[in-house]
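Following: one structure in structure tokens, then a few remarks.
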Amino acid sequence: MERSTIVRVHEGLHARPATRFVKLAKGFESDVELVKDGKAVSAKSSVKLMLLAVKENQEVTVRANGADAIEAIEALIGYLENPRAGLDDEAEVQSPAHDAGQEVAPVPEPSPAALGRANGLRGVAASEGFAIGPAFAHFPPDIAGQGRMLQAEEITGEIDRFRAAVRAVQARMDHALAQDSLSAGDRGIVAALRDIAADDSLTGEAEGLIKGGNDAISAVITAASTIAADFSAVDDHYLNARADDVHAVGRQICLVLLGQDDVSLENIPEGAILIADDIGAWDLARAPLKRIGGVVCGHGGATSHIAIIARSHGIPAVLGLGAQVNALRTAREVALDGNGGHVIIDPDAATRADFAGRVEAAAKERAGLTVFKTVTPKLADGRIIEVAANIGSLEEIEAALEAGAMGVGLFRTELLFMRHMHLPSEDMQAETYAALAKAFAPYPVIVRTLDIGGDKPIAGIEFPDEENPFLGWRGIRMCLDRPDIFKRQLRALLRAAVHGNIKVMLPMVSDISEVTRTRALVEECAAELKAEGVPHATFDLGVMIETPAAVLIAPALAKEVDFFSIGTNDLTQYIMAADRLNPTVAKLNDVTNPAVMSAIEMTAKAGVAAGIMVGMCGEAAGRPDLIATFVKMGLTELSMSPASIQRAKKTIMAMASGD
Ligand code: PEP
Ligand code: MG
């Protein structure tokens, strides 16, 4: 018996919805299969279901055979047709491995302390701050199978041993999930691993190999490699990342079989610098983050899971070192500069003193700055300067509020798009933006529309190969060419605006028509929502000033928009014609260059003359040495990484009191 339907589950049957679907299927006695494009898999295996890569809006068939086949089909079709299935109460399932592939531009801010030193390595500046401490190398050894063929009479015992190991791993993961200290994001990661550990695909494959005479460890290694290879072969970033999850689970089972503990982070010494090629979800869940002085990784980028965790716990981190990280395996001591992305192995006495001084000064400064958390910086002339946060995910809200952010000056929506297997739906986006608006109300939350370029493809958008992606189809250019994607985001923003003070800004603007065309689309979306009876509200529309063209037409642009936000990271690279990612031209990529400063001043003048708010959300907004200059130019909003907020408030207050 079978029935076909179109899948409406949000983003399709990715990890969590697949697992829930399996749970539902397992509740029926019947054999149940899901069929897509002529390929049938058991509906009782979440790994197999994930590998089928069923996406939202695809047609599938549910096939059941058994006493309760009718009920099974009824229930499973109902699940598939429910857009919210699998997403109701659990955190989004993410994996650090998944995030690790999604690197965004690091913010190059070379530290004078680290530049030019011997033994120095350069990676992605993923979490700001300085650290120096004993190296704690975390390179778990590879596990090899025994390579011994079992005697027939040994097989049953080996299967029992294997099953006990699987149960032990599941119990450990359940224990981890029961810990209150686990954040919602980490809980999702561990839950995904537990699902794999409980899945028949891995255990069934391994048991088959043991029955064929393989020892349990060899069987687990082979089974994990086979399934991981299947995940790697799918043309989908999200599913490719599941391969690492399968290896991680296989490794845990092998360690139990060997009676060994994994190289644990539990005993990491106070203030140590954690060095790893990659830090797995399992390690992350158990790591005593308070004791970790800094993190250095071969994998990962500024938006990887470890980067987000490091930032929200205030741990300096340099990631994405690649194979260079191997040079740190035998290091005794490591100094790291999370602002500039530098790592120094076994620093000499002068470097050590330099870094120790910086760490101490930073700790003292942090302690002295907390009084500024609740301060509203006001100038002598009565102008309030809003000091807001730059964030890219809901996980960062807490750190921003904790720092005293007066709203969000830049919410980078790219992560929302990169994290998912498919383009995020309107509902999902509306929920995210509404959560932000509620968290910061009555302060504004400025959401930047999708700023993605040809160098950072995301699932669901075909990007052309481009010679110069930074001068290519990015930001507002791509959005206007893809109204299907853009309108979904604009509709979500209009809906979220009901819940707080949402403002919207456009990236990479270089022509006025980009604003007028967007306004027309916003109006179209509002009319549609009205006709559909969906609650929505208007929002202020602004532009980022980050191209020389935008600076040069700022007086005209100012008449078309509600605010400017100066994106100094891109503005500097485009004014100076110096790639922000290219260390060879890092010297030129300097916001204090008179060319860039005069572009900022021209922008401020045009904005002030038109009576609109002028803010800044590039990294320069948090620089205490530049804040007074920007404020004197007329800027009234500065948005920065949460870690810089209290220092910025202090700087403005000092300016106001003439210190
Ligand atoms: C900028 O360019 O200054 C900016 C804030 O945007 P991003 O760094 O995300 O390009
Ligand atoms: Mg930019």
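Listing for the model above:
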read-out: Test: residue in the stretch 417-437 that is among the small types (Gly, Ala, Ser) and within 16 Å of ligand 1 (Cβ to nearest atom); value: no
read-out: All positions within the stretch 470-485 that are closer than 14 Å to residue 517 by Cα, among the hydrophobic types (A, V, I, L, M, F, W, C) and away from ligand 2 (no atom under 13 Å from the Cβ); value: 478, 479, 480
read-out: Matching option when the condition is open to solvent by 40 Å² or more (accessible area, probe 1.4 Å), under 27 Å from the mean Cα position of the chain (by Cα) and among the acidic types (Asp, Glu), among 562, 570, 540, 511; value: 540
read-out: Among the candidates 653, 602, 597, residue that is assigned to a helix (DSSP H, G or I) and closer than 21 Å to residue 407 by Cα; value: 653
read-out: Any chance residue 470 is touching a residue at least 12 places away in the same chain (Cβ under 8 Å), part of a helix (DSSP H, G or I), open to solvent by 20 Å² or more (accessible area, probe 1.4 Å) and not β-branched (Val, Ile, Thr); value: yes
read-out: Answer residue from the stretch 593-621, given it is open to solvent by 10 Å² or more (accessible area, probe 1.4 Å) and within 30 Å of the chain's Cα centre (by Cα) and is farthest from ligand 1 (Cβ to nearest atom) among those; value: 613
read-out: Pairs, first open to solvent by 10 Å² or more (accessible area, probe 1.4 Å) in the stretch 404-418, second within 13 Å of ligand 2 (Cβ to nearest atom) and not in a loop (DSSP other than H, G, I, E, B), C-beta under 7 Å, six or more apart; value: 412/448
read-out: Residue in the stretch 473-487 that is within 16 Å of ligand 1 (Cβ to nearest atom), open to solvent by 60 Å² or more (accessible area, probe 1.4 Å) and charged (D, E, K, R) present; value: yes
read-out: Residue in the stretch 551-569 that is among the acidic types (Asp, Glu) and within 16 Å of ligand 1 (Cβ to nearest atom) present; value: no
read-out: The one condition in (1) in contact (Cβ under 8 Å) with a residue 24 or more places away in the chain; (2) over 29 Å from the mean Cα position of the chain (by Cα) that residue 624 fails to fulfil; value: (2)
read-out: Residue in the stretch 631-641 that is over 26 Å from the mean Cα position of the chain (by Cα), among the small types (Gly, Ala, Ser), over 30 Å from residue 311 (Cα atoms) and surrounded by fewer than 24 Cβ atoms within 10 Å (Cβ to Cβ) present; value: yes
read-out: Residue list for the stretch 491-520, filter: farther than 25 Å from residue 470 by Cβ, assigned to a helix (DSSP H, G or I) and touching a helix residue (DSSP H, G or I) at 6+ places or on another chain (Cβ under 8 Å); value: 491, 492, 493, 494, 495, 496, 497, 498, 499
read-out: Residue ID - least open to solvent (accessible area, probe 1.4 Å), chosen from residues in the stretch 62-85 that are over 24 Å from residue 195 (Cα atoms) and in contact (Cβ under 8 Å) with a residue 24 or more places away in the chain; value: 69
read-out: Residue within the stretch 452-460 that is under 23 Å from residue 534 (Cβ atoms) and open to solvent by less than 30 Å² (accessible area, probe 1.4 Å) present; value: no
read-out: The stretch 570-614, subset of a type in the set (Lys, Arg) and under 27 Å from residue 469 (Cα atoms), residue farthest from ligand 2 (Cβ to nearest atom); value: 587
read-out: Test: residue in the stretch 366-379 that is over 23 Å from residue 458 (Cβ atoms), in contact with a strand residue (DSSP E or B) (Cβ under 7 Å, 6 or more places away or on another chain), touching a residue at least 40 places away in the same chain (Cβ under 8 Å) and assigned to a helix (DSSP H, G or I); value: no
read-out: The stretch 146-156, residues that are in a helix (DSSP H, G or I) and either over 14 Å from residue 217 (Cβ atoms) or at pLDDT 95 or above (or both); value: 152, 153, 155, 156
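One line per residue, one yes/no per condition, for (1) within 16 Å of ligand 2 (Cβ to nearest atom); (2) assigned to a helix (DSSP H, G or I):
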position: 410; (1), (2): yes, no
position: 416; (1), (2): no, yes
position: 431; (1), (2): no, yes
position: 435; (1), (2): no, yes
position: 464; (1), (2): no, no
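The values are calculated or read from the model by the stated rules, or taken from the named source; none is laboratory data. These figures come from a predicted structure and were not determined experimentally. Cβ coordinates were reconstructed from backbone atoms using ideal geometry, including for glycine residues, and neighbour counts include every protein chain displayed. Surface areas here come from the heavy atoms of the whole protein model, side chains and all, with no ligands, DNA or RNA. Shrake-Rupley method; radii C 1.70, N 1.55, O 1.52, S 1.80 Å.
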